[in-house]
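Since the structure comes first, as structure tokens, the remarks are kept for the end.
The values are calculated or read from the model by the stated rules, or taken from the named source; none is laboratory data. What you are looking at is a predicted structure, and each value in this text was computed from that prediction instead of being measured. Neighbour counts are summed over all protein chains in view; Cβ atoms, including those assigned to glycine, are modelled from backbone coordinates with ideal geometry. We work out accessible area using only protein heavy atoms, side chains counted, and drop any ligands, DNA or RNA first. Shrake-Rupley method; radii C 1.70, N 1.55, O 1.52, S 1.80 Å.
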Amino acid sequence: VLWSVLAGMFASGFTITIFVVVLDDVAADLGSTRTTLTWVVTAPTLVVAMTMALFGKLGDLRGHRRIFLMGLWGYGAVAVLSALAWDAGSLIAFRALGGLGFAAVVPTGSALVLGVHRPEDRARVLGLWSLVSAGAPLLGIVLGGPLVDAVGWRWIFLAQAPMCLIASVACGRGLRETPGSPHTPIDLAGTAMLMTGAGLTLLALNRGGPWGWSTSPVVGLFGAGAVAFMLFAMVERRATHPLVPPQFFRLRNFSVPITVYALANFSYLGAFFLSPGLLKATFDMSNTGASQVMFWRPLVFSVSAPIAGRLAGRVGARPTAMVGAAAITTSMLVFVAGANMEALPLVVAALVLSGFGLGVMMPPITVLVANAVGDEHLGVASGAFQMLGQLGGTVGLQVLASVQDSSPGQDGYASAFTVGAAVATLATVATCFLRSEARSGPVSAGPVAGQLPGVFDAGEPVA
């Protein structure tokens with residue numbers, strides 16, 4: 001099951017970063033501009049954030065294998081359409097559709113893998129999951145430029161379709177369907193409110209820089225997004241079959257890991273966005289040179305995640321997550337020093353520390369979320385975890401970019417990384433409130449007053 005799912009994850013994930021490398025080439029080929037083509041990256045990001053919780057819930061109710069394969073097939077079909085795109089608008093539309101496939105693959109794939117492993121083994125398995133989820137886009141960064149130079153960008157997506165087909169055959173043979181609840185209705189009202197809130201908030205964050213943060217459209221988008229989230233909370237409290245059960249957020253090992261991930265991703269993605277500009281502005285690097293330096297961060301993430309997964313199973317999730325969050329905080333401070341001192345070795349060290357920190361932190365906090373809910377809720381729990389983490393990262397990207405723009409030169413970068421260090425410190429403090437499972441006994445999934453069947457406070461056995 002693990003290797004089948006990882007094959008699907010690799011097939012759908014390795015082109016995610018292609019456009020970061022070749023956006024100018026694609027814009028020139030389609031007669032468009034780089035500014036317009038940034039929506040090739042933005043549109044699927046919006047779609048993934050809006051729909052991941054929905055697809056996770058669909059997997060819980062209709063079967064994770066079915067939704068996973070549908071997402072994989074859809075992603076392969078959209079890859080062919082992307083290769084045949086005739087202008088910028090068609091390419092943006094096809095990549096947005098691809099976001100639906102990816103949003104289906106990630107939470108259901110995670111649920112399939114976690115569902116066949118014991119809770120004490122899940123951190124080790126998620127280390128391998130992180131290796132592939134980070135390693136596939138890493139290959140996109142490394143191979144994207146040379147492949148496009150050799151065969152053109154369209155052939156990259158034509159090659160992805162048979163990869164998805166091969167992976168789907170492997171998954172069809174290697175995966176068994178999970179039990180679901182086919183007659184339980186989908187919470188359409190809650191789904192609509194969550195999708196609306198996430199979409200409007202991400203759109204406001206994306207447009208805040210170009211349009212101005214105080215302009216009426218941006219303020220209106222933020223306000224409408226907040227109203228949608230409040231309506232979502234109201235709908236979920238009254239729903240017979242809620243999309244995301246409100247009880248989840250009262251569980252320490254559900255709400256705290258999500259908070260840690262959102263805060264850490266704020267700093268991690270914000271620094272990732274600023275780093276190329278720092279390298280080019282301060283050290284006069286070309287795009288190729290900056291890419292080669294940036295390569296170290298996802299590489300270290302990919303290497304450290306499997307090791308951290310094994311470590312978390314031995315020493316516990318909380319100390320492992322604390323080490324990871326502290327490493328991200330330290331990396332932000334090293335970024336500040338590197339920007340102020342114009343020292344390239346410090347910037348490289350900060351990138352390495354950042355990749356190490358998130359690689360170490362992700363397996364244990366992901367496992368805590370999974371183990372805090374029953375197996376029948378793994379899909380929606382994974383979707384909510386990923387969605388809120390992505391929202392945190394998007395906020396960090398926009399906030400740090402705005403701080404950097406407010407001051408010229410090195411002062412702007414140093415100020416932005418200082419904000420990143422402050423937020424990463426909050427993430428480190430939040431890890432102190434995690435409850436490690438190493439000291440807890442077996443947990444029954446029986447319901448207690450006010451809880452759903454299969455939901456428990458991780459670490460506290462329920463009679």
Under the Karplus curve 6.51 cos²θ - 1.76 cosθ + 1.60, θ = phi - 60°, whole-Hz ³J(HN,Hα) for region 199-214, x wherever Gly or Pro sits: x, 5, 5, 5, 5, 5, 5, 5, 8, x, x, x, 8, x, 5, 9
Residues with amide H under 5 Å from that of V373, placed H, sequence gap 5 or more: none
Calculated FRET efficiency for the pair L344/L158, C-beta based, R₀ 25 Å, to 0.05: 0.05
Carbon plus sulfur fraction of accessible area for region 245-316, probe 1.4 Å, in percent: 61
Global size of region 261-356 as Cα Rg and Dmax, reported in angstrom: 14.0, 45
Computed lengthening from T36 to R314, 0.36 nm per intervening residue step minus Cα-Cα distance: 95.2 nm
Cα-centred dipole magnitude for region 218-303, charges only on beta-carbon of K, R (+1) and D, E (-1), debye, nearest 20: 300
Phi-based couplings in Hz for region 95-112 (Karplus 6.51, -1.76, 1.60; Gly and Pro marked x): 5, 5, 4, x, x, 5, x, 5, 5, 7, 6, 5, x, 6, x, 4, 5, 4
For the chain: accessible area per residue (Å², 1.4 Å): 40
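I need the calculated FRET efficiency for the pair L165 and V303, taking r as the beta carbon distance and R₀ as 35 Å, to the nearest 0.05. Write out the running numbers ahead of the final one.
Values: r = 30 Å, r/R0 = 0.86.
For R0 = 35 Å, the calculated efficiency reads 0.70.
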Inter-label distance for T215 and M230, nm, one decimal - labels placed 7 Å from Cα along Cα-to-Cβ: 2.6
Cα centroid of region 192-253 to Cα centroid of region 278-305, whole Å: 34
Spacing of the two label points (7 Å from each Cα toward its C-beta) at Q292 and A337, in nm: 2.6
Selection from H64, T45, L30, by position along the positive dipole direction of region 24-67 (Cβ): H64
Debye-sum result for region 49-184 in log10 I(q)/I(0), which assumes one identical scatterer on each alpha carbon, at q = 0.09, 0.15, 0.16 Å⁻¹: -0.31, -0.82, -0.92
Semi-axis lengths, Å, region 372-418, gyration tensor of Cα atoms, sqrt of 5 times eigenvalues: 37, 8, 5
Portion, in percent, of the accessible area of region 48-133 that falls on carbon or sulfur, probe 1.4 Å: 70
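For the chain, what is the mean residue ellipticity at 222 nm derived from helices alone (per DSSP H run of n ≥ 4: -39500 (n - 2.57); sum divided by total residues; nearest 500 deg cm²/dmol)? Numbers along the way, then the final one.
Values: 17 runs with 365 residues, N = 463.
Calculated at 222 nm, the ellipticity per residue is -27500 deg cm²/dmol.
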Inter-centroid distance (Cα atoms) of region 75-98 relative to region 39-59, Å: 16
Long-range amide H partners of F14 with built H, under 5 Å: none
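How large a share of the accessible area of region 377-422, in percent, is made up of carbon and sulfur atoms when the probe is 1.4 Å and the other protein chains stay in place?
Numbers: 830 of 1360 Å².
That share works out to 61 percent.
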Under the Karplus curve 6.51 cos²θ - 1.76 cosθ + 1.60, θ = phi - 60°, whole-Hz ³J(HN,Hα) for region 366-378, x wherever Gly or Pro sits: 5, 5, 4, 5, 5, 6, 7, 10, x, 4, 6, 10, 4
The chain: relative contact order in percent, alpha carbon pairs under 8 Å with at least 6 residues between: 22
Percent of Cα pairs exceeding the 18 Å cut-off, where the set is region 35-119: 45
